[in-house]
Structure formats: C-alpha cells, structure tokens
Amino acid sequence: MYSIKLFSQGLRFFLENENFFEYYRKFLLFIFNEFNQLFGRKFFNELLMVSSIRKLVVIARYIYYVDIKKSMAIYQGDDKYIGDLTIEHNLQGLENFVISPRILILIKPLSVLGKVNPNSNLFGILNPSSKILVIGPRSEDDLLCLIGHGFEIENIRGLDLISYSPWVDIGDMHSMPYEDDSWDAIILGWVLNYSNNPKQVADEVIRVAKPGCLVAIGVEYNPLTDEQITEIYGYAPGGSRSNSVDEILAYFGDSVDQVYYQHDIKSVVGDDKNSELAVIFSISKKNSQKNEQAQTELLNNEAEDNTDYEEYCLKLLNITFNLENIDKYDVSEAEKSLRKKTYFQEIFSEVVKDWAVNEKIPLLVEREQFLNIIDVFNRGYEHFIKNSQTPPQSYQAMRLLYFLTDGAFNNFWMSLYSLFYLPYDLNTAKEFLMPSSQSQAESIAKEIQEQGYYVFEDKVSSEICDRLLDFAYSMPCNINIHNPSQPEYAIYQKEQPKAPTYHIDETKLIENPIIQDFISDRFLLEVAQSYCGSCVTNRNTSMWWSTSILNGEASSRDAQLYHWDGDPIKFLNFFIYLTDVDTNNGPHCFVKGSHLTKPISLLRDGRFLDEEIEQYYEQDKIIEITGSRGTIIAADTRGFHKGKALKSGHRLIFQVTMATCLFGAPYNSIELNIKTVKPSFLEAYKNFPYTYQRWQILH
C-alpha cells in the first residue's frame with residue numbers, strides 16, 4: 001500500500017504540471033494509436049485482465065479526474081436506507097486506493113456465462129454489447145475488469161454514492177435513476193450489507209432488470225456483531241448482514257428464476273472470522289404488467305405468425321412428396337441414394353433456417369443472435385459437404401445450438417437427416433457378439449431413448465477378453481494423449497503406472513482382427529441404426545487403460561468429472577469392460593434421462609462436480625455401472641456421464657462410437673493394408689461404404 005501511495009504522489013506532481021500533462025497526454029495518445037493499428041482494440045482490453053496494469057490505469061484516471069478535473073461528487077439525497085458511515089468508509093478506501101480482487105469471484109463466472117469460447121464470436125447468455133450495471137464500484141476497477149473480460153465500456157455503467165468517473169452515475173441503489181427493464185446484467189459486489197433495507201434494493205434490481213437479466217451478488221460472511229467489528233477495525237459501516245446464499249435469494253423471492261453459480265459457507269472454520277458468499281441468478285418477471293402486455297401482443301400477432309408457419313409446414317410436406325417421387329424412379333438403389341443426397345444438400349440450409357424462424361423454442365439468447373448462430377452452422381455444413389472438414393466455428397455453433405435449445409436443434413436435424421440417409425439393410429452383415437435380432441435391437445434402442453443407456457444381458461466371452469488383454473498388455477500406449485503434438489509411448493505396467501490413462505493408437509486397434517469383428521458386428525450396427533433412425537458411420541474406435549495413480553482424485557482431462565459429449569450431432573457409444581469393474585476401479589457413471597433435457601443452469605460446456613449434478617438430480621437417477629469383464633454398455637453420452645476416478649486397481653475399456661455423420665469435432669482418417677484386413681470385414685467395408693467412410697483399404 002505504501003508503494004502505491006508513493007507512486008500516486010509522484011504521478012500527481014507531474015500531472016498537476018500543466019505543460020507536462022499536455023506532453024504526457026499527447027505521448028499516450030500517440031502510443032495508443034500506434035498499438036491500436038498494430039493489434040486492435042481487443043489487445044488493450046485484454047491487458048486490463050492483468051491486475052497490476054489495471055491498478056495503474058485506475059490510479060492514473062483517479063488522479064486525472066479528482067486532482068485535475070476536480071470531478072469528485074457525493075450523493076446528497078435521502079439516506080434513510082443507507083448504512084451508517086457507508087460514504088465515509090468508501091471515501092477512505094478510495095483515497096487509499098483499496099482495490100480488492102474479490103470482484104473476480106463474480107466477474108469470472110459471469111463472463112463464462114457470456115462467452116462460450118474465447119476464440120469464437122459466438123456468445124451465450126451475455127455478449128459484448130450486453131448492458132451491464134455495476135452497483136457500488138467505488139473506483140473504476142470493476143468496470144475495467146469487465147472490459148478485460150470482453151464486455152464493451154459503451155454498455156457498462158456504475159452506480160455509487162460517490163463518483164469521480166464519467167462511467168459511474170451518482171445515485172442510491174434503493175432508488176435507482178434508471179427506467180424499468182434497462183439491464184442485461186447487474187452486479188452488486190459487496191454492497192448489499194451496507195443497506196438497512198436489502199429487500200428494497202432487491203425490488204429496485206428487479207424493476208430495472210430486463211426479463212432474464214443476470215444478477216451477480218457478493219457479500220462478506222461475517223458472524224461478528226457491529227460492536228465486535230468496531231473493536232477490531234475501529235468502526236462498523238452498518239447495514240443488514242446476510243450470512244448465506246439462501247438469505248440473499250430470499251430478498252428476491254419468486255423473481256429468482258435460475259441459479260447459475262453459487263458459493264456458500266455454512267459455518268466459520270478454525271480462526272477464519274469471515275469469508276465470501278457469491279451467487280449469480282437470472283430474474284423472472286412472469287408476473288409483471290409489462291410482461292403480461294408482451295404476452296397479449298404475442299397473442300395478437302399469432303394470426304400473422306400462423307400464415308408463415310403454415311407455409312413452413314407445407315415446405316416440409318413438399319419434401320416428403322419429392323422423396324417419394326425419387327423412390328418411384330426406375331433407377332438403381334445407389335442412384336436413388338445419390339439423388340436424395342444431392343437434394344438434401346440443396347435444401348437443408350433453407351429448411352434449417354425456416355425451422356429456426358418458425359418453431360417456438362425456448363432459447364437462452366435473443367432470436368436474432370440465435371439465427372446468426374444457425375447461419376454459422378449452415379455455412380459450416382456447406383463447407384463440410386465440399387471439403388469433408390468442419391470449420392472450428394461451425395463445430396462450436398453446433399455445440400452451442402445443442403444447449404441453447406436443450407437438444408431441440410439436434411432432434412430436428414435428425415428428423416430431417418433421417419429422411420434422406422436411410423438405414424442400411426444389414427442382412428449381409430456378420431454376427432459376432434450375439435445372434436442378431438431386429439426386434440430386439442429396436443427394443444434396446446427404445447430403452448436408450450427413454451433412459452439414455454442400456455446394459456446388455458449377453459457378455460463378451462472370456463476367451464475374447466483374454467486375447468484383447470494380452471494385446472493391450474503388449475502394445476505401446478500413448479501416455480500423453482492430451483498433447484497430440486508430443487505423444488509419449490510406454491507399455492502398460494500394472495505395478496508401476498506412469499500416467500492416469502494409457503491409450504492404444506486407433507490404427508493399431510483396427511489392425512486387430514477381433515476389433516474388426518467388433519466394429520462390423522451386425523447386432524451393434526442394428527442397435528445404432530435403430531437409435532439414430534438413419535445409417536450410421538464409425539466415428540471413433542478406442543481402447544485405453546485407466547490407472548489408480550491419482551489415488552481416487554478425479555482427472556478432468558481424463559473425463560473423470562461429469563460432462564456431456566457433443567462431438568457429432570447424434571451418436572451412440574458402445575463400451576465394453578475388458579477387466580472386472582467395481583465401484584473402486586472406474587465404473588462408467590451416467591445420469592439417467594439427462595440426454596433428453598437438462599436444467600438451464602447446466603446447459604453449458606465444461607466439467608461438472610458431483611455436487612452440481614446432485615443438486616439437480618435425485619440419487620436414483622445417478623447410475624454407477626459395475627460389472628464383470630465382457631459387460632457391454634450402450635449410451636447416448638449427450639447425457640451427463642463420467643468414468644469414476646480409480647481408488648485402486650485398473651480398468652481396460654474398449655469403445656466404439658457410431659454417429660449419423662462425421663460433421664463436428666476433428667476425426668482421424670484410417671488407412672489399412674489389405675493384408676491386415678479379414679475377409680468378413682472387407683465385405684462389410686464394400687457393402688456399407690457410408691459406415692466406413694473415413695477408412696481406406698490399400699491394396
């Protein structure tokens with residue numbers, strides 16, 4: 001603190017010299033213009049994420065506006081709800097440049113709810129132009145921090161009882177100088193406890209918040225009395241004190257919609273006399289008069305909307321007629337398939353856009369933003385058709401559309417796609433695992449549709465498990481799978497594991513004749529086609545060891561925390577345990593039904609702690625699948641799932657992913673020498689080219 005004061009005093013001396021200030025201002029302007037041309041505005045904004053740089057900016061701007069412009073102002077209105085000594089406390093903190101990093105507890109998760117991918121222009125609930133109000137920022141640090149995290153200063157305002165900044169309005173949070181429904185996000189960083197009437201603050205926040213507005217609140221947990229605080233610090237600012245997230249949310253009552261993030265504390269631990277509470281939630285305004293008026297206007301516009309919707313339905317009906325006509329042509333089945341594929345490529349973009357415009361789908365973003373994401377997806381799919389590669393931004397758009405619509409986009413896409421890419425007749429496919437039964441495959445697919453997973457009654461034989469175990473023990477495995485540019489290989493040693501996982505290269509797997517039998521097994525193909533409603537393609541084949549080197553500590557990178565998969569649009573994973581699996585050595589865990597719908601708070605990318613999942617799902621929905629070696633599991637891993645962290649032993653698992661198409665995450669192309677290919681697999685390769693389209697068998 002002394003060094004900051006010394007720096008500020010020196011800076012004041014120079015800035016108060018008019019000539020120096022003018023040269024200094026021109027120099028900074030020159031530097032800014034030069035760097036802006038080289039790097040753009042984003043470069044300067046992101047520098048503000050560095051706390052030391054942000055503090056220098058805060059101090060320089062404070063000195064300019066307070067010492068030179070003399071712009072300090074103090075609220076002069078009614079103070080009946082304002083805690084005693086609040087203004088004095090904040091003036092003292094401002095003059096001493098007290099800048100706390102704890103605002104990041106709110107801004108970091110808030111920015112994650114905005115940006116979906118820092119390298120993408122796609123955004124979630126918030127975007128750079130969202131209007132954000134910061135209540136009680138004191139200095140400009142909170143606002144600069146928001147700029148550093150990607151939000152635009154033109155849309156950020158502060159509200160405080162004291163202000164020197166052109167970005168901060170003078171006002172009382174109990175009676176804000178803003179119109180109803182003004183803000184997309186409101187941040188109350190450690191100010192609620194300075195109020196003698198926090199319920200009035202909550203009512204004002206609800207009034208000025210737009211429907212769906214995100215509210216981020218941080219308060220200090222402190223069970224001490226005012227007298228005890230005064231004894232320690234010399235004074236107590238006063239105001240009501242909230243010591244749990246539940247108490248904070250209670251002020252907002254029925255207006256709390258979804259809680260996206262919270263950090264609570266139930267008791268003081270050890271000698272720690274205070275801690276931080278934080279919560280981020282959205283505002284529901286279902287009962288507001290303005291919302292009722294909006295609903296009335298919506299009803300009045302339904303007649304006009306119905307006309308467009310009828311045209312949309314007629315377009316869909318016309319597609320089915322055209323497909324029927326193609327089926328009537330006196331041409332080969334291959335030619336019919338080609339014509340359908342060409343027709344799909346011609347119409348899919350328009351149909352997807354019509355669906356996005358006409359279907360009444362609850363969204364987490366504004367419809368215009370949703371339509372922009374649809375356009376990114378469509379352009380990417382057109383590129384995929386021509387180049388067999390998915391642009392990264394289109395892959396992100398696909399993932400984003402999944403959770404912005406809670407899976408409705410994927411379901412519509414499949415209903416359209418399956419009209420054109422019909423399932424194969426698998427009569428020529430070979431049986432390997434078990435006798436094939438179309439009716440049983442459909443029954444299994446139905447059960448997966450209902451609960452998200454299925455455990456087969458039949459198991460892989462001990463003989464086959466033994467042969468694959470011997471294979472896995474002898475193959476060099478990649479123990480640095482998360483760094484593709486620097487693979488590191490080692491043969492798995494049960495007693496001396498070097499890494500949490502050992503992965504066998506896919507090409508080596510496919511050369512194994514047993515694996516070729518697995519991936520061309522008729523019954524697995526029938527289950528996958530029945531579930532997806534279309535022909536399917538082999539997207540991935542993998543086998544890996546999981547070890548207990550971390551002694552039960554979950555590895556996020558090795559998928560040992562809950563997550564959902566979104567690499568393709570629709571797919572089915574088959575897992576086979578090749579070692580016995582109990583609760584201590586890595587069972588597959590799945591949240592029953594979570595592939596169908598998810599709570600809004602969990603509709604996002606990333607990993608999820610057990611506590612987050614347990615907050616929204618009953619214990620009987622969280623399934624832990626144990627089993628002896630040979631156990632076969634089919635799962636739609638768009639549902640929440642994980643491989644449980646190993647406390648002891650090890651696990652060897654084999655996985656096959658069958659997807660509707662290869663659009664999505666990058667995938668590997670496979671080249672095989674015909675000498676390593678079984679005749680039965682070569683026949684499947686020729687008969688079902690769509691299924692094995694990423695492979696090439698070389699003569």
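The values are calculated or read from the model by the stated rules, or taken from the named source; none is laboratory data. As the structure is a computational prediction, the values presented were derived from the model and not from experiment. Positions of Cβ are backbone-derived with ideal geometry, glycine not excepted, and every protein chain shown enters the neighbour counts. Ligands, DNA and RNA are stripped out before the accessible areas are found, and what is left, the full protein with its side chains, is counted by its heavy atoms. Shrake-Rupley method; radii C 1.70, N 1.55, O 1.52, S 1.80 Å.
Out of all the residues in the stretch 618-648, which are within 22 Å of residue 468 (Cβ to Cβ) and not in a loop (DSSP other than H, G, I, E, B)?
If the condition is that a residue be within 22 Å of residue 468 (Cβ to Cβ) and not in a loop (DSSP other than H, G, I, E, B), then 625, 627, 632, 633, 634, 635, 643 are the ones that fit.
Taking the stretch 490-541, which residues are polar (S, T, N, Q) and touching an Asp or Glu at 6+ places or on another chain (Cβ under 9 Å)?
501, 507, 520, 530, 540, 541
Residue-wise test of (1) more than 19 Å from residue 670 (Cα to Cα); (2) assigned to a loop (DSSP other than H, G, I, E, B).
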| position | (1), (2) |
| --- | --- |
| 468 | yes, no |
| 487 | no, yes |
| 490 | yes, no |
| 497 | yes, yes |
| 508 | no, no |
| 514 | no, no |
| 526 | yes, no |
| 530 | yes, no |
| 541 | no, no |
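Taking the condition of being at pLDDT below 75, surrounded by fewer than 18 Cβ atoms within 10 Å (Cβ to Cβ) and aliphatic (A, V, I, L, M), how many residues in the stretch 86-131 meet it?
Number satisfying all stated conditions: 1.
Can you tell me which residues in the stretch 666-690 are under 17 Å from residue 542 (Cβ atoms) and open to solvent by less than 10 Å² (accessible area, probe 1.4 Å)?
670, 672
Among the residues of the stretch 170-197, which ones are part of a helix (DSSP H, G or I) and open to solvent by 10 Å² or more (accessible area, probe 1.4 Å)?
193, 194
Residue by residue, here is whether (1) under 30 Å from residue 663 (Cβ atoms); (2) small (Gly, Ala, Ser); (3) open to solvent by less than 20 Å² (accessible area, probe 1.4 Å) holds:
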position: 489; (1), (2), (3): no, no, no
position: 520; (1), (2), (3): yes, yes, yes
position: 529; (1), (2), (3): yes, no, yes
position: 534; (1), (2), (3): yes, yes, yes
position: 540; (1), (2), (3): yes, no, no
position: 552; (1), (2), (3): no, yes, no
position: 560; (1), (2), (3): yes, no, yes
position: 569; (1), (2), (3): yes, no, yes
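Look at residue 575 and say whether it is within 16 Å of residue 402 (Cβ to Cβ), modelled with pLDDT of 95 or more and either open to solvent by less than 10 Å² (accessible area, probe 1.4 Å) or not hydroxyl-bearing (Ser, Thr, Tyr) (or both).
Here the answer is no, as residue 575 does not meet what is asked.
Residue check, residue 390 against (1) closer than 29 Å to residue 336 by Cα; (2) out of contact with any helix residue (DSSP H, G or I) (no Cβ under 6 Å at 6 or more places or on another chain); (3) touching a residue at least 24 places away in the same chain (Cβ under 8 Å), all met but one. Which one?
Single failed check for residue 390: (2).
When only residues in the stretch 343-374 that are modelled with pLDDT under 90 and of a type in the set (Val, Ile, Thr) count, which is nearest to residue 603 (Cα to Cα)?
365
If I filter the stretch 359-369 for residues that are acidic (Asp, Glu), surrounded by fewer than 15 Cβ atoms within 10 Å (Cβ to Cβ) and assigned to a helix (DSSP H, G or I), do I get at least one hit?
Among the residues of the stretch 359-369, at least one is acidic (Asp, Glu), surrounded by fewer than 15 Cβ atoms within 10 Å (Cβ to Cβ) and assigned to a helix (DSSP H, G or I), which makes the answer yes.
Can you confirm whether the stretch 388-411 contains a residue that is charged (D, E, K, R) and over 24 Å from the mean Cα position of the chain (by Cα)?
No, because not a single residue in the stretch 388-411 is charged (D, E, K, R) and over 24 Å from the mean Cα position of the chain (by Cα).
I'm trying to understand the selection: among the residues of the stretch 545-570, which are hydrophobic (A, V, I, L, M, F, W, C), in contact with a His (Cβ under 8 Å, 6 or more places away or on another chain) and farther than 17 Å from residue 497 by Cα?
Within the stretch 545-570, just 564 meets the criteria.
Within the stretch 587-625, how many residues are open to solvent by 50 Å² or more (accessible area, probe 1.4 Å), in contact with a strand residue (DSSP E or B) (Cβ under 8 Å, 6 or more places away or on another chain) and more than 20 Å from residue 555 (Cα to Cα)?
3
Does residue 647 meet the test of being among the basic types (Lys, Arg) and either surrounded by fewer than 16 Cβ atoms within 10 Å (Cβ to Cβ) or more than 26 Å from residue 458 (Cα to Cα) (or both)?
yes
Mind checking which pairs have a first residue in the stretch 552-563 that is closer than 13 Å to residue 612 by Cβ and a second that is assigned to a strand (DSSP E or B) and not aromatic (Phe, Trp, Tyr), Cβ under 7 Å, 6 or more apart or different chains?
Hits for this filter: 561/642; 562/641; 562/642; 563/642.
Give the number of residues within the stretch 548-588 that are over 30 Å from residue 418 (Cβ atoms) and part of a strand (DSSP E or B).
Summing the residues that are over 30 Å from residue 418 (Cβ atoms) and part of a strand (DSSP E or B) in the stretch 548-588 gives 2.
Limited to the stretch 316-373, what total is found for residues that are aromatic (Phe, Trp, Tyr) and within 22 Å of residue 393 (Cα to Cα)?
Counting residues in the stretch 316-373 that are aromatic (Phe, Trp, Tyr) and within 22 Å of residue 393 (Cα to Cα) gives 3.
Determine which member of the set 516, 493 is open to solvent by less than 20 Å² (accessible area, probe 1.4 Å) and either touching a residue at least 40 places away in the same chain (Cβ under 8 Å) or not β-branched (Val, Ile, Thr) (or both).
Only one candidate passes the filter, namely 516.
Got at least one residue in the stretch 689-698 being modelled with pLDDT under 95 and of a type in the set (A, V, I, L, M)?
Yes, there is a match, as at least one residue in the stretch 689-698 is modelled with pLDDT under 95 and of a type in the set (A, V, I, L, M).
Which one of the conditions (1) assigned to a helix (DSSP H, G or I); (2) within 30 Å of residue 681 (Cα to Cα); (3) at pLDDT below 95; (4) open to solvent by less than 80 Å² (accessible area, probe 1.4 Å) does residue 399 fail to meet, given that it meets all the rest?
Tallying (1) assigned to a helix (DSSP H, G or I); (2) within 30 Å of residue 681 (Cα to Cα); (3) at pLDDT below 95; (4) open to solvent by less than 80 Å² (accessible area, probe 1.4 Å), residue 399 fails exactly one: (2).
Could you list all residues from the stretch 431-462 that are surrounded by fewer than 17 Cβ atoms within 10 Å (Cβ to Cβ) and within 19 Å of residue 519 (Cβ to Cβ)?
431, 435, 458, 461
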